[in-house]
Each structure stands twice: as C-alpha cells, then as structure tokens.
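S.K.: For reference, the structure I am asking about is given below.
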Amino acid sequence: MSYMREIPYLLTGHYVAIAMRPITFPTTKAEIIEKVGGEPIRTSPDGYTPFRELLAKVPLDEFSCAAEFYCAFNAS
C-alpha cells in the first residue's frame, strides 16, 4: 500500500491567473467560459487542459470578486 499521493502541478494557479486577466468582477462562470474558456492551461510539465474543463469542477456559478473565484477554484 502506497501512502504517496499525486502531487498537483503547482504552476497551474499561475497560468489560471494569467488567463483571468481580462475578467472583471462581479462575473459568472458562463461569462468566464465565454471570454477565456478556450485558453489552454498548463496542468502538468508537458500537458494542457482547456480552461473550460477546469471550470466545470467549480461548484459556484457567480463570483462577486476575484477572491471568491480563486477560493472556489482552488477548493474544487
């Protein structure tokens, strides 16, 4: 039995922050997907995932501020 967990790619948050630059708050998940959902987000040293796929895991649909978005995103 292994006690090792898969370590998340720590730079993903950095690439999400870059993709989120054009977004202003308050906003909705649908608006984020419309504006930047197609952006490729680096999720491993040699892999990318479309931002819309990462956003699908976020349980909230509306965000009053960036802090609310990043808390929900990082928790999902």
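The values are calculated or read from the model by the stated rules, or taken from the named source; none is laboratory data. This is a predicted model, so every value here is computed, not measured. Cβ coordinates were reconstructed from backbone atoms using ideal geometry, including for glycine residues, and neighbour counts include every protein chain displayed. These area figures cover heavy atoms from the full protein model, side chains too; ligands, DNA and RNA do not enter into them. Shrake-Rupley method; radii C 1.70, N 1.55, O 1.52, S 1.80 Å.
S.K.: Please compute the modelled spin-label separation between Lys35 and Thr49, points set 7 Å along Cα→Cβ, answer in nm with one decimal.
M.R.: 2.2 nm
S.K.: A follow-up question, please. Any idea of the accessible area per residue across the chain, 1.4 Å probe, to the nearest Å²?
M.R.: 71 Å²
S.K.: Pulled fully out, how much extra length does the chain show between Arg21 and Glu62, if you take 0.36 nm times their separation in residues and subtract their Cα-Cα distance?
M.R.: 13.0 nm
S.K.: Sticking with this one: Using semi-axes √(5λ) of the Cα gyration tensor in Å as the read-out, say which of [x] 42, 12, 8; [y] 36, 14, 9; [z] 23, 14, 10 was calculated from these coordinates.
M.R.: It is the value labelled [z].
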